[in-house]
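A short worksheet on the structure shown next.
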Amino acid sequence: KAYQAGDDALDRHFALIGLQDFYYRHRAIGDEYLQKCIECCELDIRHLDQMQKDHYDREYQMLRAIRKGKALENEMKERGVMSGCIPAFERLAIIYEKQKKYDKAIAMCDTALQYYRKYDIDDLGFADRRMKLIAKSEKVQ
């Protein structure tokens, strides 16, 4: 079994990162490995909002045992969102760039920027990557 609807999106996120790494590392074996990597990245990206919710719920349940009322609210505000990088964004941008599918790579940068802005997270260089991809695509045209 891979995953079912009720599975925790946070756990799924980290499992998918492992799968993305595996399939990408073995992409030279055959095209199906690269395709599986792309599918794992896309699945991860589709569930990022749920991953953030599950992260919040997990943190809340853990803190609820030791904090109450305003102290709990303040701690949750301080902890905020899960703010790490999302490897699927970069991996897909790289894959599409190597395939010379610049429009798809730029669209992936746009998706990453939208996600990072939504959660008030540093864009991790996606604005710069986007500009470089636009310049590359203009050279090809």
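The values are calculated or read from the model by the stated rules, or taken from the named source; none is laboratory data. Owing to the predicted nature of the structure, the values given are computational and were not obtained by experimental measurement. Note that we place each Cβ from the backbone using ideal geometry, even for glycine, and neighbour counts take in every protein chain shown. All accessible areas refer to the heavy atoms of the entire protein, side chains included, with ligands and DNA or RNA removed. Shrake-Rupley method; radii C 1.70, N 1.55, O 1.52, S 1.80 Å.
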Test each condition in (1) closer than 27 Å to residue 10 by Cβ; (2) at pLDDT 95 or above for residue 135 and report the one that comes out false. (1)
Would you mind finding the one in 44, 31, 49 that is touching a Leu at 6+ places or on another chain (Cβ under 8 Å) and under 22 Å from residue 105 (Cα atoms)? 44
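For residue 135, indicate whether it is part of a helix (DSSP H, G or I) and touching a Phe, Trp or Tyr at 6+ places or on another chain (Cβ under 6 Å).
No: the conditions fail for residue 135.
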Among what's in segment 66-124 and is more than 14 Å from the chain's Cα centre (by Cα), surrounded by 11 or more Cβ atoms within 10 Å (Cβ to Cβ) and outside any helix (DSSP H, G or I), pick the residue that is modelled with the lowest pLDDT. 80
Can you tell me which residue within segment 125-141, out of those that are under 15 Å from residue 87 (Cα atoms) and surrounded by 18 or more Cβ atoms within 10 Å (Cβ to Cβ), is farthest from the chain's Cα centre (by Cα)? 129
State which residue is most open to solvent (accessible area, probe 1.4 Å) when the search covers only segment 1-60 and only residues that are of a type in the set (S, T, N, Q) and in contact (Cβ under 8 Å) with a residue 40 or more places away in the chain. 50
